[in-house]
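See structure below.
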Amino acid sequence: AVVGKGAVLPPNFVEEMGIPAGASLEGFLYPDTYRLPPDVTPLELRRILLDAFSVNFTEEMRQSATQQRFTVYEIVTLASILQKEALYDVEHPVIASVYRNRLDEDWTLDADPTVQYEHPNVGKGNWWPRITRADYRGVDSTYNTYLYKGLPPGPIAIPSLSAMNAALNPMVTPFFFFRADCRGDGY
């Protein structure tokens, strides 16, 4: 109720991060371990999580986003895709490179997690359903980067600092594709 679409969000944070009107705080509730008082209210918890985001997404990072012609909101959106795409932090920079190369060439991102995000089977403990080939074109959502060019309308998950750094500082590669290796270890 205090972080979702339609919630009244803190105006200073919204302005500082470039969060569009009507958007949620998805992606901005900083992932960490917190010591909370037992009587913490939803608004207090939101403040704690947003303050942690503001501290960890530094002014230098904000300036880097601006210099690269991205908003903080766009960087967090890209980082959220990286977070869901990679099992290991070490992979974030190379996957970021692939997505940034696709953006630079005006390709669709073709990111599976964006199809999963608003998949009709989401919910009831199934937040990231397996997708089929038919889903790439069949899940009609503005988040589906197989159907729509550019970044989705907003973050699809809460990205780690590693994913946010990679979105800002992708590895420089000529790559436009990546795939899971064949060893079965998730890399």
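The values are calculated or read from the model by the stated rules, or taken from the named source; none is laboratory data. Bear in mind the structure is a predicted one, so any value in this text is a computation, not a measurement. Neighbour counts are summed over all protein chains in view; Cβ atoms, including those assigned to glycine, are modelled from backbone coordinates with ideal geometry. Heads up: the accessible areas ignore ligands, DNA and RNA and are worked out on the full protein's heavy atoms, side chains in. Shrake-Rupley method; radii C 1.70, N 1.55, O 1.52, S 1.80 Å.
From the list Gly186, Gly154, which residue is modelled with pLDDT under 95 and either under 30 Å from Thr66 (Cα atoms) or assigned to a loop (DSSP other than H, G, I, E, B) (or both)? Walk me through it before giving the result.
Working: Gly154 fails: modelled with pLDDT under 95.
Exactly one of Gly186, Gly154 is modelled with pLDDT under 95 and either under 30 Å from Thr66 (Cα atoms) or assigned to a loop (DSSP other than H, G, I, E, B) (or both), namely Gly186.
Scan region 95-117 residue by residue and report those that are among the acidic types (Asp, Glu), assigned to a loop (DSSP other than H, G, I, E, B) and within 17 Å of Phe70 (Cα to Cα).
Step one: of region 95-117, the residues among the acidic types (Asp, Glu) are 104-106, 110, 112.
If we keep only those that are assigned to a loop (DSSP other than H, G, I, E, B) too, we end up with 105-106, 110.
Selection gives Glu105, Asp106.
Suppose we filter region 58-96 for residues that are touching a helix residue (DSSP H, G or I) at 6+ places or on another chain (Cβ under 7 Å), of a type in the set (Val, Ile, Thr) and open to solvent by less than 30 Å² (accessible area, probe 1.4 Å); how many remain?
Residues in region 58-96 being touching a helix residue (DSSP H, G or I) at 6+ places or on another chain (Cβ under 7 Å), of a type in the set (Val, Ile, Thr) and open to solvent by less than 30 Å² (accessible area, probe 1.4 Å): 5 in total.
With the checklist (1) closer than 21 Å to Gly4 by Cα; (2) touching a helix residue (DSSP H, G or I) at 6+ places or on another chain (Cβ under 8 Å); (3) part of a loop (DSSP other than H, G, I, E, B); (4) not acidic (Asp, Glu) in hand, flag the one item Thr145 doesn't pass.
Condition not satisfied by Thr145: (1).
Name every residue in region 77-94 that is in a helix (DSSP H, G or I) and either among the β-branched types (Val, Ile, Thr) or farther than 18 Å from Leu109 by Cβ (or both), in order of residue number. It would help to see each step written out before you state the result.
Pass one, region 77-94, residues in a helix (DSSP H, G or I): 77-85, 89-94.
Selection gives Thr77, Ile81, Asp89, Val90, Val94.
Which residue, of Glu16, Glu59, is over 15 Å from the mean Cα position of the chain (by Cα), without any contact (Cβ under 8 Å) to a residue 24 or more places away in the chain and more than 18 Å from Phe175 (Cβ to Cβ)?
Details: Glu16 fails: without any contact (Cβ under 8 Å) to a residue 24 or more places away in the chain.
Unique residue meeting the criteria: Glu59.
Which number in (1) under 14 Å from Ile158 (Cα atoms); (2) buried (at least 17 other Cβ atoms within 10 Å of the Cβ); (3) free of Cβ contacts under 8 Å to residues at least 40 places away in the same chain marks the one condition that Gly4 misses?
(2)
Looking at (1) among the small types (Gly, Ala, Ser); (2) open to solvent by less than 50 Å² (accessible area, probe 1.4 Å); (3) more than 27 Å from Phe57 (Cβ to Cβ), which is the one condition that is false for Ser141?
Going through the list (1) among the small types (Gly, Ala, Ser); (2) open to solvent by less than 50 Å² (accessible area, probe 1.4 Å); (3) more than 27 Å from Phe57 (Cβ to Cβ), Ser141 breaks only (3).
Quick check on this structure: which one of Val55, Val40 is more than 30 Å from Arg179 (Cβ to Cβ), modelled with pLDDT of 95 or more, open to solvent by 50 Å² or more (accessible area, probe 1.4 Å) and not aromatic (Phe, Trp, Tyr)?
Numbers: Val40 fails: open to solvent by 50 Å² or more (accessible area, probe 1.4 Å).
Sole residue among the options that is more than 30 Å from Arg179 (Cβ to Cβ), modelled with pLDDT of 95 or more, open to solvent by 50 Å² or more (accessible area, probe 1.4 Å) and not aromatic (Phe, Trp, Tyr): Val55.
Being open to solvent by 90 Å² or more (accessible area, probe 1.4 Å) and either touching a helix residue (DSSP H, G or I) at 6+ places or on another chain (Cβ under 7 Å) or part of a loop (DSSP other than H, G, I, E, B) (or both) is the filter here; which residues of region 122-138 pass it? Steps first, please.
Of all residues in region 122-138, those open to solvent by 90 Å² or more (accessible area, probe 1.4 Å) come to 124, 127, 130, 133, 137.
Scanning region 122-138 gives Lys124, Trp127, Arg130.
Checking Glu15 against (1) of a type in the set (D, E, K, R); (2) modelled with pLDDT under 95; (3) open to solvent by less than 60 Å² (accessible area, probe 1.4 Å), only one condition comes out false. Which one?
Failing condition for Glu15: (3).
Determine which single condition Val172 fails, assuming it passes every other condition in (1) open to solvent by less than 60 Å² (accessible area, probe 1.4 Å); (2) in a loop (DSSP other than H, G, I, E, B); (3) in contact (Cβ under 8 Å) with a residue 40 or more places away in the chain; (4) closer than 26 Å to Asn56 by Cβ.
(1)
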